[in-house]
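Student: There's a structure below that I have some questions on.
Bear in mind that the values in this text are calculations on the coordinates, not laboratory data. For clarity, every value in this text was computed on a predicted model and none was experimentally measured. As a convention, Cβ positions derive from the backbone with ideal geometry for all residues, glycine included, and neighbour counts pool all protein chains shown.
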Amino acid sequence: MKTDEEKQLEPVDRSKGQWYVIQTGTGRENKVKEAIEGKLMQEPGAVPVYEVLIPVRKYIDRATGRIVTTKIHPNYIYVRMDLYKEDGETINEVVWYFLRGIAGVTRFVGDPEHPMPISNDEVKDLLHTVDTSKEGATLPPPPTWLVVGARVRVEDRDCVFNGSDGKIIEVDPEHAKLKLMISIFERDTPVELEFGQVGPCED
């Protein structure tokens, strides 16, 4: 049996349907997504709703080292479906009432009577965001003051160099680390620290 991670990496056939944005109640995005998917599994193929996405961004918290997941558009979900019949103008009431009947669904974004799908460019951005989130967490860029040549102060009570000033001689964004040149017993000594252990020196 395939794991959830393996299933996520499988290519998805997105030849059917168009993407629409639906607003949900505050903090209800995941529950709405699960409810839609659950009902679709109960009656496969009965409703032309094909996919539900909640775009997220994953990053590593520099202070804790933990992976943090945040919703890019809180209170909104993206649904790929055939909302209109073949004439492109008449709403498919089966789809309309199926989604309106899901607890937590507030409204379709756009014209309340005639919602429009998002543009092709928006679809590309959406899918790029989803694909990027599958690749794993990334580190946010280092602060602008954290550059080679800048002077910083160690701000970590558990570090023996706490309170010491030093000049940055190397920055490693990939591992969120840097090297400082700190004066120890009147000798310049390179010290490796993490981004979260230092702060800018105040003039």
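Student: For the chain, what's the relative contact order in percent, using C-alpha pairs closer than 8 Å and at least 6 residues apart? Show your work: numbers first, answer last.
Tutor: On the way: 323 pairs, mean separation 39.9, N = 203.
Contact order relative to length: 20 percent.
Student: Ok, one more. Past 27 Å, Cα to Cα, is the threshold; run LYS71/LYS167; LYS71/LYS124; LYS16/LYS124; LYS33/LYS134; LYS58/LYS85 against it and keep the listed order.
Tutor: From the list (LYS71/LYS167; LYS71/LYS124; LYS16/LYS124; LYS33/LYS134; LYS58/LYS85), the Cα-Cα distance tops 27 Å for LYS71/LYS167; LYS58/LYS85.
Student: What value, in deg cm²/dmol to 500, does the helix sum -39500 (n - 2.57) over DSSP H runs of n ≥ 4 give at 222 nm once divided by the residues of the chain?
Tutor: Values: 4 runs with 43 residues, N = 203.
Result for the chain, helices only: -6500 deg cm²/dmol.
Student: Multiply the residue gap between PHE185 and LYS39 by 0.36 nm, knock off their C-alpha separation, and tell me the result in nm, one decimal place.
Tutor: Difference between extended and current length: 45.6 nm.
Student: Give the average over all directions of the projected area of the C-alpha convex hull of the chain, one decimal, in nm².
Tutor: Values: hull surface 67.0 nm².
That works out to 16.8 nm².
Student: Please find the FRET efficiency linking LYS58 to ARG100, where r is the Cβ-Cβ separation and R0 is fixed at 22 Å, and quote it to the nearest 0.05. The partial results should precede the final answer.
Tutor: Numbers: r = 32 Å, r/R0 = 1.44.
That gives a FRET efficiency of 0.10.
Student: Per residue, what volume in Å³ does the Cα convex hull of segment 14-134 take up?
Tutor: Dividing the Cα hull volume of segment 14-134 by its residue count gives 122 Å³.
Student: Evaluate the distance, in nm, between pseudo-label points positioned 7 Å from the Cα of ASP156 and of ILE67 along their respective Cα→Cβ axes.
Tutor: Each label point lies 7 Å from its Cα, and together they span 2.3 nm.
Student: Report the charge-dipole magnitude of segment 14-134 in Debye, nearest 20, computed about the Cα centre from +1 at each Lys and Arg Cβ and -1 at each Asp and Glu Cβ.
Tutor: Value, rounded to 20: 780 debye.
Student: Sequence gap at least 6, Cα distance under 8 Å: using those rules, report the relative contact order of segment 14-134 to the nearest whole percent.
Tutor: 38
Student: Okay, next question. Evaluate the distance, in nm, between pseudo-label points positioned 7 Å from the Cα of SER15 and of ASP87 along their respective Cα→Cβ axes.
Tutor: Modelled inter-label distance: 2.7 nm.
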